[in-house]
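Colleague: Please see the structure below; I have some questions.
The values are calculated or read from the model by the stated rules, or taken from the named source; none is laboratory data. Please read all numbers here as calculations on a predicted model, not as lab measurements. FYI the Cβ positions are ideal-geometry reconstructions off the backbone, even for glycines, and counts take in every protein chain you see. Accessible surface areas use protein heavy atoms only, side chains included; no ligands, DNA or RNA. Shrake-Rupley method; radii C 1.70, N 1.55, O 1.52, S 1.80 Å.
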Amino acid sequence: MSKHDFQRRAEWVWRPRQLAGPAFVTSGQLPETEANRFVYFRRVLEIAEAVVAAECWASADGRYQLFVNGARVGRGPGRCSSLSQSLDEYDLAGFLHPGRNVIAALAHSYGRHTAWYELPGWAHGRAFGCGGFFLQGTLVTAAASTPLDTGPAWRCLEATAWRRDTPGNSLGWMEHYDARAAPSGWNEADYDDHGWQVAQTLRLPGRNFAGDVVPFPHMAPRRIPPMREALSPAARIIATHEVAESPQADLAAQIAAEHPQPLAHCTVESDPPAIRTRDGRAVVLVCDFGEILSGHVHLQLDGPAGAIVDIVHGEQLLDDGRVRIFGGIEGLDAVPAHRYILREGVQSWERFEWSGLRYLQLTVRNCSRRLRVERVALRETGYPVEPAGAFECSDPELDRIWQAGATTLRRCMHDGYLDCPSREQRQWVDGYLSARINYAAFGDTRLAAEMLRQIEQTQQPDGLTMMAAPGDFARSGWFNIPDFCLYWIMMVDDYVLYTGDRAMAGEMFPAVVRALRWFERHLDHDGLLADLPHWVFVDWAELDKHGAVTAVNAQFAGALRAAARLADFCSHTEAAARYVSMAEHLCAAVNRLLWDPGRGVYVDARQAGKRSRRISQQANAAAIAYGVAPQERWSRILTAILDDERLLLTRRSERETAERVFDEARHVVLAQPFFMHVLHRALRVAGQHRRILDNIRKRWTGLLAGGEATLRETWQLTATTSLCHAWSGVPTFDLSTDVLGVSPQTPGFDEVRIAPVTAGLDWARGRYPTPHGPIVVDWRHAEGLFRMTVELPRGCKASCIAPSPCRWQSVDGAAATGSVLTLESGRHGLVAS
């Protein structure tokens, strides 16, 4: 089916409720009444002959799993704004056959905003609250076409296997599942559903002769592919303990209070573990997947009815060997802990939601008869990308860092660019960095486009976009990060450059204009952004962010220039000239008021006419990176902010301690991994490529010192630090961009610059994905000669720049001169000396 073929025909359905009454009332159906509710749906089909086609779209107000004849076909929907509900497309023909068939679904309503889900609003929310399932499709045989649409032909049953009164957080609800209460075979064709109710159609008359009120007036087929799924290898059991049970109403608190002891009252036989417990005692198994993965916890068990397996997970271990549970954001989230209660015999179970984790802790209770743990695994899930990019060089440590960045990003790519898979699963606008890393490692274009549109949908009436979307932080109005709006503008510019999708410039430009007006309104009489409302973030570091903040003003200059380029793409020449002029005036104000000539650096901020004494890598790197600092200042700035004797790591969680130890006359605030992308950009602008590699070695080697496969959020490690954080993969982009030397010069890599940096390396090779296909670079520096092989895909032209101080001697065996050569598509061999 074409994505343009969808014309709404089916009805949204849910469990029967009392919906009578006007749709337009101040308070209608409360979403809390459907909080943490699971509902089964079935549609039985009698098919007389072979199925020719059975294409359909499906969605849910929440999340769903779709089955045909017992086989799971898919999950969804992808994260989306409730103003534009996402539809998943399926072809069910391969699952259907002549005879009796069933299409079945399990849908879950949240009753609250989550990190990826938004409660519906407007008339929809008042009329129906939340909860619903939708399927529209047609079964085609040689003789007939049969609608599959949700409506009166569908039956439903409210699930009682899941407890509803469990704690919830931004990642959904804690799953307490009793397999004894689950209808066995409910998604099979021969299941008897005569006791189920007819699903209720969600439709009410409109007001004053207006059209009917229905859920999600706007629905659109998803633009990104379905997530990949594969069962992981079984986890390795690394510890077995016994605990004295400490019953509490809060399961997470109970598990935290149960301290490990040697086995004394319970028994555990190994390979696979066979467990028996005693009254008041439980067995704890700690499992290790070897690295941080994303997936649905998957258990295969054989045991007695009523036995209990409690589940917690995390990225770190406590000193006593138990799992350190990620508690989410303090004050917002409940600590996650889940429970599975066995039915009799052999069984398997998967959590409905997915998690990011390395360690999994199982607490086995209430099994005086033997319980065998046959398998502990994850049904891994994530965005379906393959390593289209590659990088190798003569320094194995740089290779490890490049790969760790790619792996970290892959773990954070789902139905959005997530900051981390474990703690939050939100799509923050720091996904600007994720997209850049992706361009070098995977070359995907669809996920970045989806994110750009989803952030644009959050634009407020005053023009500011939200810091994370879709989900709770986009809808709650609790707080916002204005500098992330500037990254969104720069991400639009990046997207056009790296993908060649010029239409995106036109689609986003009106919102870019509105966003820039918000910042214009906060320019003070000196021409600086000052006293911005909300949370001025910049970086996880103790900068001075009072008044006019240098880093944010520099970033505004960068966003204005990005907007000027977008205006040019859209043929808005007057707007382009205006934004260039604004950037120039802003730079002049920064240089006049935030430069400290005595110290030769930009100060962090200026308030009430007085310059701050604090200086940072963040402020000064931004001034160079975004074209604020005049070139004659670069050397002095870089000398100051790259002096290891002056750099100090301030600790975001201990502000008072940081204030006491920071000497503003001497110290410079060290950038955290996030803001290193700006420092490296500054060094690239200044032609200091060797220093980029030196900084990568110095800062990132320690992040992998313990054999980690992914990169953590900050240099320091705390109990709440994410150990798999996409923004820390900055070196993956930098190594491909600088060492391989590949960067687009026109949208879509029609024209590309290849300017490899040797920086003390003997050789490097790799691939850089482009819309035309990969650019392959392989160079070696030996015996006074620099030799490079370049493969350019069709449609791509390159300017190849010899590494200084070399000059080209030959290309494809023919004599050449100069430091720059222009190459057409194809394979080329170049030599310089």
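Colleague: Hey, any idea what % of the chain's accessible area is carbon plus sulfur with a 1.4 Å probe? Don't skip to the answer; put the middle values down first.
Modeller: Numbers: 15410 of 31360 Å².
It is 49 percent, rounded to a whole number.
Colleague: Also: I'd like the distance separating the alpha-carbon centroids of the stretch 684-704 and the stretch 396-435, in whole Å.
Modeller: Result: 19 Å between the Cα centres.
Colleague: In square angstrom, rounded to the nearest 10, how much accessible surface does Lys797 have for a 1.4 Å probe?
Modeller: We get 80 Å² for Lys797.
Colleague: Using Cα pairs under 8 angstrom and six or more residues apart, how large is the relative contact order of the chain, in percent?
Modeller: Once normalised by length, the contact order is 10 percent.
Colleague: Ordering Asp310, Asp91 by accessible area with a probe of 1.4 Å, largest first, what comes out?
Modeller: Asp91, Asp310
Colleague: Which loop-located GluC sites (Glu not before Pro) does the stretch 756-833 contain, where loop means any DSSP state but H, G, I, E or B and the Cβ has at most 13 other Cβ atoms within 10 Å? All intermediate terms of the calculation are to be shown ahead of the outcome.
Modeller: Details: sites: Glu783, Glu791, Glu824; in loops: Glu783, Glu824.
The qualifying sites are Glu783, Glu824.
Colleague: Let me ask something additional. At 7 Å along Cα-to-Cβ for each site, give me the label-to-label distance between Thr789 and Asp812 in nm.
Modeller: That separation, rounded to one decimal, is 1.6 nm.
Colleague: Report, for the chain, the % of DSSP beta bridges that are antiparallel, rounded to 5.
Modeller: Details: 150 of 163 bridges.
Percentage antiparallel, nearest 5: 90.
Colleague: Follow-up. Checking understanding here: applying a Kyte-Doolittle mean of at least -1.0 and a length along the axis of at least 18 Å (C-alpha), which whole DSSP H helices in the chain pass?
Modeller: Details: long enough: 396-412 (24 Å, -0.59); 482-499 (26 Å, 0.67); 502-520 (26 Å, 0.28); 550-569 (29 Å, 0.56); 573-593 (30 Å, 0.27).
Once both thresholds are applied, what remains is 396-412, 482-499, 502-520, 550-569, 573-593.
Colleague: 5 Å is the cut-off here: which amide hydrogens, built 1.01 Å from N in the peptide plane, fall below it relative to Phe391, excluding neighbours closer than 5 in sequence?
Modeller: HN-HN under 5 Å from Phe391: Arg767.
Colleague: In what sequence, highest mean first, do 206-213, 566-573 appear when ranked by Cβ atoms within 10 angstrom?
Modeller: Top of the packing list down: 566-573, 206-213.
Colleague: Over the stretch 250-358, what is the relative contact order in whole percent, taking alpha-carbon pairs under 8 Å and six or more residues apart?
Modeller: It comes to 32 percent, rounded to a whole number.
Colleague: Further, regarding this structure: How much length would be gained if the chain were fully extended between Asp531 and Arg827, taking 0.36 nm per residue of separation minus their Cα-Cα distance, in nm to one decimal?
Modeller: Difference between extended and current length: 101.1 nm.
Colleague: Count neighbours as other Cβ atoms within 10 Å of each site's Cβ, and list the GluC sites (Glu not before Pro) in the stretch 327-405 that are DSSP loop with at most 12 such neighbours. Please report the intermediate quantities before stating the final value.
Modeller: Values: sites: Glu330, Glu344, Glu350, Glu353, Glu374, Glu380, Glu392, Glu397; in loops: Glu330, Glu344, Glu353.
Those satisfying the criteria are Glu330.
Colleague: Return the sequence-ordered ³J(HN,Hα) values of the stretch 88-94 in whole Hz as given by the Karplus equation 6.51 cos²θ - 1.76 cosθ + 1.60 applied to θ = phi - 60°, using x for Gly and Pro.
Modeller: 9, 9, 9, 10, 8, 4, x
Colleague: Would you kindly derive the ³J(HN,Hα) couplings of the stretch 99-107 from the backbone phi angles with the Karplus curve 6.51 cos²θ - 1.76 cosθ + 1.60 (θ = phi - 60°), listing them in order in whole Hz, with x for Gly and Pro?
Modeller: x, 7, 9, 9, 9, 9, 8, 10, 10
Colleague: Return a whole-number percent for the relative contact order of the stretch 203-264, with Cα pairs under 8 Å and 6 or more residues apart as the contact set.
Modeller: 21 percent
Colleague: Assuming R0 = 25 Å, what is the FRET efficiency of Leu332 and Glu520, from their Cβ-Cβ distance, to the nearest 0.05? Intermediate results must be reported in sequence, preceding the final value.
Modeller: On the way: r = 33 Å, r/R0 = 1.32.
Efficiency computed from Cβ-Cβ geometry: 0.15.
Colleague: Something else about it: Give me, ordered by chain and number, the residues 5 or more places off Val601 or on other chains with an amide H under 5 Å from its own placed amide H.
Modeller: Residues meeting the amide H criterion: Asp596.
Colleague: Output wanted: per-residue J couplings in Hz (rounded whole) for the stretch 61-66, from phi through Karplus 6.51 cos²θ - 1.76 cosθ + 1.60, θ = phi - 60°, x for Gly and Pro.
Modeller: Whole-Hz 3J(HN,Hα) from phi for the stretch 61-66: 8, x, 9, 9, 10, 10.
Colleague: Okay, next question. Restricting to DSSP loop positions (anything but H, G, I, E, B) with no more than 12 other Cβ atoms inside 10 Å of their own Cβ, which chymotrypsin sites (Phe, Trp or Tyr not before Pro) remain in the stretch 438-521?
Modeller: Trp478, Phe479
Colleague: Over the chain, with the other protein chains present, what is the accessible area per residue in square angstrom, probe 1.4 angstrom?
Modeller: Values: 31360 Å² over 833 residues.
Here the residues of the chain average 38 Å² of exposed surface.
Colleague: So if R0 is 30 Å, what FRET efficiency would Asp320 and Arg666 give, r being the distance between their Cβ atoms, rounded to the nearest 0.05?
Modeller: 0.15
Colleague: Residue farthest toward the positive end of the dipole of the stretch 371-513, with Cβ of Lys/Arg at +1 and Asp/Glu at -1: which of Pro387, Leu371, Ile401?
Modeller: Of the options given, the answer is Leu371.
Colleague: Hey, another quick one. Which residues' amide hydrogens lie under 5 Å from the amide hydrogen of Cys796, considering only partners 5 or more residues apart or on another chain, with H built in the peptide plane?
Modeller: Counting only residues 5 or more places away or on other chains, the set is Ser825.
Colleague: Now for a separate question. Show that you can apply the helix-only estimate: for the chain, add -39,500 (n - 2.57) for every DSSP H stretch of four or more residues, divide by all residues, and state [θ] at 222 nm to the nearest 500.
Modeller: -7000 deg cm²/dmol
Colleague: Taking 0.36 nm per intervening residue step and subtracting the Cα-Cα distance, what contour gain separates Thr160 from Ala249 on full extension? Mind dumping the intermediate values first?
Modeller: Numbers: separation 89, 0.36 × 89 = 32.04 nm, distance 1.97 nm.
Once the chain is fully extended between Thr160 and Ala249, it gains 30.1 nm.
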